[in-house]
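The values are calculated or read from the model by the stated rules, or taken from the named source; none is laboratory data. Being a predicted model, the structure only gives us computed values, none of them experimental. Here the Cβ is made from the backbone with ideal geometry for all residues, glycine too, and neighbour counts use every protein chain on show. The accessibility values were calculated without ligands, DNA or RNA, using every heavy atom of the protein model including side chains. Shrake-Rupley method; radii C 1.70, N 1.55, O 1.52, S 1.80 Å.
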Amino acid sequence: PLGDRKIEVDGSLIEWPKLPGLRLNDRRQLSGTAHGAWRGPGDASGVVFLMWDEEALYVACTARDEWHRALDKKTLLLTEIPAADSLVLTFDPGRDTRANGPDPGRRDDRDFWLADDVAREVVQWDRLRGNARTLPEPARMFVLHDKEQQITTYEARIPWNEILPPGKRAQVGMCIDLQMVLNDFDENTDGMAQTRIGWTFGMGPVVDPGLFGSILLVLSLIHISEPTRP
């Protein structure tokens, strides 16, 4: 939970507390990756952190990347995911997706794309219908790349009303399914990601709900992490 913290979405995570991380660093998490393209965690890997309040979900990711590809400002076309290093978040609020394509369970699914774009706008992709839109404020994202340390930091605020169906509110105990995919472009002339590493990779090539991760909104990290006392 965010609590009384003030989070500025500026690419710096200094105001974030210590949190458990969701790791994207295992060869078994690769999918749709060119043969031999992934050279280990230093090439493409990440740790994702989540916080929430009643209004929004806050996402942060620190990614190792030897060569960072930002978005070419001339190529943001809202028809397909652009060629740029990115973090893609897929939410299944109803936890009912059962197949790829026009599956009824995908009606409430939401995809959000975070990348190094000067506009700092969160993009929602609708893969089922083949279109996209930029989210208005207070949605915001920021991506910073440290060339010397070879670390890219993603930070975003995504309002719950963009994630959840109408009439559904974020509250303690709510559980929704989530997928996170880190796309790494190592060729500046290639429009396809050379490496894709996902949290559970339940979105391709075949959707398997058992492979989605699940996130649970909790009241307090201290409450669930402290040992039971007599």
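Filtering region 167-176 down to residues that are of a type outside the set (Lys, Arg) and either buried (at least 22 other Cβ atoms within 10 Å of the Cβ) or modelled with pLDDT of 95 or more (or both), which residue is nearest to the chain's Cα centre (by Cα)?
Let us first name the residues in region 167-176 that are of a type outside the set (Lys, Arg), namely 167, 170-176.
This time we only want the ones that are either buried (at least 22 other Cβ atoms within 10 Å of the Cβ) or modelled with pLDDT of 95 or more (or both), so: 170-176.
Values: ALA170: 18, GLN171: 20, VAL172: 21, GLY173: 21, MET174: 19, CYS175: 17, ILE176: 14 Å.
Only one residue tops the list, namely ILE176.
Any chance you could count how many residues in region 125-139 are closer than 17 Å to ASN161 by Cβ and either buried (at least 19 other Cβ atoms within 10 Å of the Cβ) or among the aliphatic types (A, V, I, L, M) (or both)? Residues that pass the stated criteria total 2. So LEU13 fits all but one of (1) more than 25 Å from THR195 (Cα to Cα); (2) surrounded by fewer than 16 Cβ atoms within 10 Å (Cβ to Cβ); what number is the exception? LEU13 satisfies all of (1) more than 25 Å from THR195 (Cα to Cα); (2) surrounded by fewer than 16 Cβ atoms within 10 Å (Cβ to Cβ) except (2). Scoring VAL143 on the criteria (1) within 13 Å of ASP116 (Cβ to Cβ); (2) open to solvent by 10 Å² or more (accessible area, probe 1.4 Å) leaves a single failure, condition (2).
What residue, among those in region 215-230 that are at pLDDT below 75 and in a loop (DSSP other than H, G, I, E, B), is nearest to ARG169 (Cα to Cα)?
GLU226
For region 48-56, check the following and say yes or no: at least one residue is closer than 27 Å to ARG120 by Cα and open to solvent by 60 Å² or more (accessible area, probe 1.4 Å). Yes, some residue in region 48-56 is closer than 27 Å to ARG120 by Cα and open to solvent by 60 Å² or more (accessible area, probe 1.4 Å).
Candidates ASN188, ASN161: the one that is at pLDDT 95 or above and among the polar types (S, T, N, Q) is ASN161.
The residue that is most open to solvent (accessible area, probe 1.4 Å), counting only those in region 107-121 that are within 27 Å of GLY210 (Cα to Cα) and touching a residue at least 24 places away in the same chain (Cβ under 8 Å), is ARG110.
Meeting the requirement of 1 or more residues that are of a type in the set (Phe, Trp, Tyr), the strands (runs of 3 or more DSSP E) wholly within region 12-125 are 44-52, 56-65, 86-92, 110-115. Of the listed requirements (1) in contact (Cβ under 8 Å) with a residue 24 or more places away in the chain; (2) open to solvent by 30 Å² or more (accessible area, probe 1.4 Å), ALA83 misses just one: (2).
Only one of the numbered conditions (1) farther than 29 Å from ASP126 by Cβ; (2) in contact with a Gly (Cβ under 7 Å, 6 or more places away or on another chain) is violated by HIS35, and that is (2).
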